[in-house]
Amino acid sequence: MSAGIVRETVHSTLQKALKDAKTAGDLELTTLPALVLDVPKKSAWGDLATTVAMNLSVSERRAPMEIAQIISKHLLPAHSDVLARADVAPPGYINLTVKRDLWFRVLAEIETQGEQYGRSTLGLGKRVLLEFVSANPTGPLHMGHGRGAAVGGALANLLRHVSYDVSTEYYINDAGRQVRLMAASVTAVNNQTSLPEDGYQGAYIHDLAKQLRAFPQPVPNVAHWACARLLEGIKADLQAFNITFDRWFSEQKELFDSGAVDQALNVLRQQGYLFEQDGALWFRSTAFGDDKDRVVKKQDGEYTYLASDIAYHLSKLKREPQYDLLINVWGADHHGYIPRMQAAVEAFGYPKDRLKVILVQIVNLLRGGQRVTMSKRAGEMVTVREVFEEVGADAAKFIFLTRRADSQLDFDLELAKQQSAENPVYYVQYAHARVASLFRVARERGIDVPVTGSVDWSVLNSPDDLDLIKPLAEYPALLEASAQALEPHRLTYYLQDLAGRLHAYYYKHRILPPVLERELDSQDHLKPVAQEADQGRKGEVLTPALTAARLCLFRVVQTVIRNGLGILGVTAPERM
RNA sequence: GCGCCUGUAGCUCAGUGGAUAGAGCAUCAGCCUCCGGAGCUGAGGGCCACAGGUUCAAAUCCUGUCAGGCGCACCA
């Protein structure tokens, strides 16, 4: 695990203090509690705080404040190289202030680890199968699919970043009624007959009809052919979105043609969870807490969607080596399916939490605050492709990730295109580009961006410096927490905050010495003005050492922004 | 009717049982001789839907009520 160097150091320091307190007989500590470190809400309360004294109060049968005093007594003297202060605050907090040098070690660590910074061993040895998008090949991807793609893609990156072994998969519903309906709709257009009931409409159906008419060879199976065309489009869209899948799983080929559906149902039958009634075949999902039993094979002999989904999940469960966790990203309107799918997982003998479902809520498309109306019935859907073309994949992804997945999202096309601070993606990308720009200017003037080893950090002695450094130290812990909660949106919030801190610092402090006279020195570099004349804002004197340290600080901030954007699947531009 | 989700600043939303609940937008008031103003600073704004309960401690957990969304097919 890596929760970052500061947290780990403080954690082990705290652990040792508790042990010392026990050895000294000051505390009983029959059980060692989990040591949780929180970042206090106010910086005046220190850098990290623990509530362990309050948690111990019952088992120690003492007042929390008293316990906090004891712990802090053992905390300070022996470990003065880590902590500057350990304050006790009512009703029993221990507020820890970290020595400045420890913060500076974070900067060196980021530089050393580069794009590896933030990795941890949290998920080491654990295999995860992440299924997402899985849109039916009956039409182009719409906004909801786009959001699912953004969430799934970011989640895959995030989990991999903390060492989970992640496989991504797209389930292609290329069998069954919907596909037949779509094909029938295409045929109806070509035959100029009326659409089937619940048939598909929209421009793409007419496009397909036209393509079909122009197809050089006769097409024996329109459904198969149309699915393939639509799947090509879906794949192209996802490629434009830079979302990749390790496996495309075909319902038709891998479940029906292979006989896997029958096999899966046979397993259920052997376990006694299958029964016949009213001429249909049922899965006894109520045995596992579902509201009602579910039909898997209809009176007409056709399998339901659930039957293939059961078979699909059995296939996922049985893969070798086994997955420790199956994650499905579903549209929120499918939430009613969770109990029956988990019932199937249990029926197959696995714990039901082997399957976790992330529900993605709908996206309301706006333009300049006005709702863009869509009618699914008439086939008037705004496709993800249209949105990418209008606002770009970066903006789309970032905005999709600005809310919790299960919270509805307003997506404003005008805002997404806007290149201002109101658009969160530009705000964050701009922070990255701004550092890149600063380095370009530095290079022009012959000022090197130094490596951390050669920097005198002690010049970074203002609270503003720590405001920028502290979130960098929190980054690994943030990734772990986001991964554990399966919530990539936390990272977007983090990045907005970090970018904001960079912008504020940049505005407040000068990094490079200003050039007052546009003179060139002997090496054709712009000549910096004399130091004495160089008064920055707030009367700050900018020394070369300060320039060096701040450049270095900015570079590691840039690294973290780039890493974070990378996990979200968003590019980190050098200029904008 | 039953189930799931959601009620947090004017709006959109963060907030893994811990301190005086935060951000962006909007509103108002400020900030460009100099590294990208695509930016920054400040102010106002809250019975965390409501009522009980658990706990040393609740926006967070439990129960109920109210409001909104979604689902309740031998559709997917």
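The values are calculated or read from the model by the stated rules, or taken from the named source; none is laboratory data. Here the structure is a predicted model, which means the values were calculated and not measured. Because the Cβ atoms are built from the backbone with ideal geometry, glycine has one as well, and the counts that use them run over all protein chains shown. For accessibility, only protein heavy atoms count, side chains too; no ligands or nucleic acids. Shrake-Rupley method; radii C 1.70, N 1.55, O 1.52, S 1.80 Å.
Scanning region A:446-469 for residues that are open to solvent by 50 Å² or more (accessible area, probe 1.4 Å) and of a type in the set (D, E, K, R) gives A:Asp448, A:Asp456, A:Asp467.
Set side by side, the residues A:Ala188, A:Ala184, A:Ala236 differ, and just one is among the aliphatic types (A, V, I, L, M) and within 36 Å of the chain's Cα centre (by Cα), which is A:Ala236. Among the residues making up region A:547-576, those that are over 14 Å from A:Arg440 (Cα atoms) and open to solvent by 30 Å² or more (accessible area, probe 1.4 Å) are A:Arg562, A:Gly566, A:Thr571. When region A:165-201 is limited to residues that are in contact with a strand residue (DSSP E or B) (Cβ under 9 Å, 6 or more places away or on another chain) and open to solvent by 40 Å² or more (accessible area, probe 1.4 Å), the one that is modelled with the lowest pLDDT turns out to be A:Gln201. In this structure, A:Leu230 does not satisfy being buried (at least 19 other Cβ atoms within 10 Å of the Cβ) and touching a helix residue (DSSP H, G or I) at 6+ places or on another chain (Cβ under 6 Å).
Take the conditions within 20 Å of A:Val106 (Cβ to Cβ), more than 9 Å from RNA strand B (Cβ to nearest atom) and of a type outside the set (Val, Ile, Thr) and apply them to A:Pro488. Does it pass? First the steps, then the outcome.
Numbers: within 20 Å of A:Val106 (Cβ to Cβ): no; more than 9 Å from RNA strand B (Cβ to nearest atom): yes; of a type outside the set (Val, Ile, Thr): yes.
So A:Pro488 does not fit the description; no.
I'd like the residue in region A:410-435 that is more than 16 Å from the chain's Cα centre (by Cα) and of a type in the set (A, V, I, L, M) and, out of all such residues, is nearest to RNA strand B (Cβ to nearest atom). Checking each candidate, the answer is A:Ala421.
Name the single residue that is nearest to A:Tyr350 (Cα to Cα) among those in region A:284-328 being among the aromatic types (Phe, Trp, Tyr) and modelled with pLDDT of 95 or more. Explain how you work it out, then say what you get.
Restricting attention to region A:284-328, the residues satisfying the condition of being among the aromatic types (Phe, Trp, Tyr) are A:288, A:303, A:305, A:312, A:323.
Those left that are additionally modelled with pLDDT of 95 or more: A:312, A:323.
Details: A:Tyr312: 15, A:Tyr323: 11 Å.
Among those residues, the one meeting the criterion is A:Tyr323.
Out of all the residues in region A:66-87, is one or more within 16 Å of RNA strand B (Cβ to nearest atom), more than 36 Å from the chain's Cα centre (by Cα) and outside any helix (DSSP H, G or I)? Checked against the condition, which is being within 16 Å of RNA strand B (Cβ to nearest atom), more than 36 Å from the chain's Cα centre (by Cα) and outside any helix (DSSP H, G or I), region A:66-87 yields no hits at all. For region A:243-287, the set of residues classified as open to solvent by 40 Å² or more (accessible area, probe 1.4 Å), in a helix (DSSP H, G or I) and more than 27 Å from A:His145 (Cβ to Cβ) consists of A:Asp262, A:Gln263, A:Asn266, A:Val267, A:Arg269, A:Gln270, A:Gln271, A:Thr286, A:Ala287, listed by residue number. A:Thr51 fulfils the conditions (1) in contact with a helix residue (DSSP H, G or I) (Cβ under 7 Å, 6 or more places away or on another chain); (2) of a type in the set (Ser, Thr, Tyr); (3) within 16 Å of RNA strand B (Cβ to nearest atom); (4) more than 30 Å from A:Leu460 (Cα to Cα) except for a single criterion, (1). Taken over region A:132-155, the criterion of being in contact with a Phe, Trp or Tyr (Cβ under 6 Å, 6 or more places away or on another chain) and not in a loop (DSSP other than H, G, I, E, B) is satisfied by A:Arg147, A:Gly148, A:Ala149, A:Ala150, A:Gly152.
Quick one: which strands (runs of 3 or more DSSP E) lie wholly within region A:338-439 and hold at least 3 residues that are buried (at least 20 other Cβ atoms within 10 Å of the Cβ) and among the charged types (D, E, K, R)? Explain how you work it out, then say what you get.
On the way: elements: A:355-360, A:363-367, A:409-412.
Strands (runs of 3 or more DSSP E) meeting the threshold: none at all.
Residues checked against (1) away from RNA strand B (no atom under 12 Å from the Cβ); (2) in contact with a strand residue (DSSP E or B) (Cβ under 9 Å, 6 or more places away or on another chain); (3) of a type in the set (D, E, K, R):
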{"position": "A:Ala63", "(1), (2), (3)": "no, no, no"}
{"position": "A:Asn95", "(1), (2), (3)": "no, yes, no"}
{"position": "A:Arg100", "(1), (2), (3)": "yes, yes, yes"}
{"position": "A:Phe132", "(1), (2), (3)": "yes, yes, no"}
{"position": "A:Pro137", "(1), (2), (3)": "no, yes, no"}
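Scanning region A:308-327 for residues that are within 13 Å of RNA strand B (Cβ to nearest atom) and either in contact with a Pro (Cβ under 8 Å, 6 or more places away or on another chain) or over 14 Å from A:Ser258 (Cβ atoms) (or both) turns up A:Asp309, A:Ile310. Mind listing whichever residues of region A:288-330 are touching a residue at least 24 places away in the same chain (Cβ under 8 Å), assigned to a helix (DSSP H, G or I) and not small (Gly, Ala, Ser)? Scanning region A:288-330 gives A:Phe288, A:Tyr305, A:Leu306, A:Asp309, A:Ile310, A:Tyr312, A:His313, A:Leu314, A:Lys316, A:Leu317. Look at (1) within 25 Å of A:Ala311 (Cα to Cα); (2) within 14 Å of RNA strand B (Cβ to nearest atom) and you find that A:Gly144 fails only one, number (1).
For region A:176-220, the set of residues classified as on the phi > 0 side of the Ramachandran plot, within 16 Å of RNA strand B (Cβ to nearest atom) and not small (Gly, Ala, Ser) consists of A:Asp198 only.
Could you please let me know if A:Pro90 is open to solvent by 30 Å² or more (accessible area, probe 1.4 Å), free of Cβ contacts under 8 Å to residues at least 40 places away in the same chain and not polar (S, T, N, Q)? Here the answer is yes, as A:Pro90 does meet what is asked.
Among the residues of region A:288-321, the ones that are among the polar types (S, T, N, Q) and surrounded by 21 or more Cβ atoms within 10 Å (Cβ to Cβ) come to 1 in all. When region A:46-65 is limited to residues that are at negative phi and of a type in the set (D, E, K, R), the one that is surrounded by the fewest Cβ atoms within 10 Å (Cβ to Cβ) turns out to be A:Arg62.
Taken together, the residues in region A:93-113 that are open to solvent by 20 Å² or more (accessible area, probe 1.4 Å) and within 21 Å of A:Gly453 (Cβ to Cβ) amount to 9. Here region A:436-454 is the region considered, the condition is being under 25 Å from A:Asp497 (Cβ atoms) and more than 9 Å from RNA strand B (Cβ to nearest atom), and the residue that is modelled with the highest pLDDT is A:Val449.
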